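The values are calculated or read from the model by the stated rules, or taken from the named source; none is laboratory data. On a predicted model such as this, the values are computed, not experimentally measured, just so you know. Cβ placement follows ideal geometry from the backbone for every residue including glycine, while neighbour counts extend to all protein chains displayed.
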There are 2 protein chains.
Amino acid sequence: MEQLPSWLLTQTAAFAGRLVSEGFASTGGRGYHYRVLTSLHVDGPTSQAGLGRRTGIFPSDMVATLNELQALGFTMRSVDKSDKRRYLISITPAGVERAEELSAAAEKIQDALLAPLDDDERHQLTALLGKLYAHHRQGFPPLPMT
Amino acid sequence: MEQLPSWLLTQTAAFAGRLVSEGFASTGGRGYHYRVLTSLHVDGPTSQAGLGRRTGIFPSDMVATLNELQALGFTMRSVDKSDKRRYLISITPAGVERAEELSAAAEKIQDALLAPLDDDERHQLTALLGKLYAHHRQGFPPLPMT
DNA sequence: CCCCGAACGTTAGTCGCACTAACGTTAGTT
DNA sequence: AACTAACGTTAGTGCGACTAACGTTCGGGG
């Protein structure tokens, strides 16, 4: 059982999840915050739905996440007057700062996670996971990442 | 962000988790059932605590899981009269059958998950994940897997 | 021998993430 | 003008991981 890739993947992911949670939680954040702030920081403002497509977060969860981030002063909702259905979500200076904190935390997490692997192996792993990720992402969510 | 190993790992794990959930759910089971039944089938009867150590399931969750499996007729609790604190958990014939069903489901899941990888890559991946798993398992839970 | 700490099973509850269903509003399309 | 699709929102579900507390039982040391 312990050599089944799905077992290894989910178990390793469990450890990874633990590390990620701890890492982010120690700075008072969580995965969704990291994903959203980083996406806004790197790829710029967009609608909530667009953000959801970028980050793989469901619209319903997006609402809650943005409520939190907004309450913390990290993001802003402004009406898109060319389309009254949507908000334009943008990141504040404080949000950028936070995004960088969380990125730093993410890097530390990498190190802890990949500790037993040398550089070669790390590249192998990222390549393989990238392949899996790319494959399974196909045909899955609403693709247009506006 | 998309080349961060932790991002890839957690995202890939998300897909894996989806496939696993779907795969098991389609047969009316879940991950905990698979873990527990397989452990009992492969490594024989033990106490609840022992089972928890084998499978990485918390005692509190073990209780619920065994209640379910017992209600379904897949496992049995018998008193360990040499130690009145514990139950001896064993698997029933129906449970063995179920374990095999779930194992078959797990294999199908493997195929779906690893579809984009050739044999070589699959071995690489298992090796790398195994390394990570082995490393992070150290110093984590109560080790004696009685 | 008794006491105390550890292990066992159990109940209850929390958290993060993923996901579904339904609703009102607004934009396009036909 | 009517219909469909997209948007944001509310509410609720499921699974896995985890914490806290409690009563019972076992084992070892004073």
Quick one: which residue in A:Ala13, A:Ala49 is within 11 Å of chain B (Cβ to nearest Cβ) and within 14 Å of DNA strand D (Cβ to nearest atom)?
A:Ala13
Among the candidates A:Gly31, A:Gly56, single out the residue that is within 14 Å of chain B (Cβ to nearest Cβ), within 10 Å of DNA strand C (Cβ to nearest atom), under 30 Å from B:Ala127 (Cβ atoms) and crowded, with 17+ Cβ neighbours inside 10 Å.
A:Gly31
Could you say which residue among B:Val79, B:Val36, B:Val96 is more than 13 Å from DNA strand C (Cβ to nearest atom) and more than 28 Å from A:Thr126 (Cα to Cα)?
B:Val96
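So is A:Thr27 touching a residue at least 12 places away in the same chain (Cβ under 8 Å), of a type in the set (S, T, N, Q) and outside any helix (DSSP H, G or I) or not?
In short, yes.
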Count of the stretch B:61-99 residues which are part of a loop (DSSP other than H, G, I, E, B) and either within 14 Å of DNA strand D (Cβ to nearest atom) or surrounded by 15 or more Cβ atoms within 10 Å (Cβ to Cβ) (or both)
10
Among the residues that make up the stretch A:100-121, is at least one of them at the interface with another protein chain (Cβ under 7 Å from one of its Cβ atoms), in a helix (DSSP H, G or I) and modelled with pLDDT of 90 or more?
yes
Within the stretch B:83-132, work out how many residues are in contact (Cβ under 8 Å) with a residue 60 or more places away in the chain and within 30 Å of A:Leu128 (Cβ to Cβ).
10
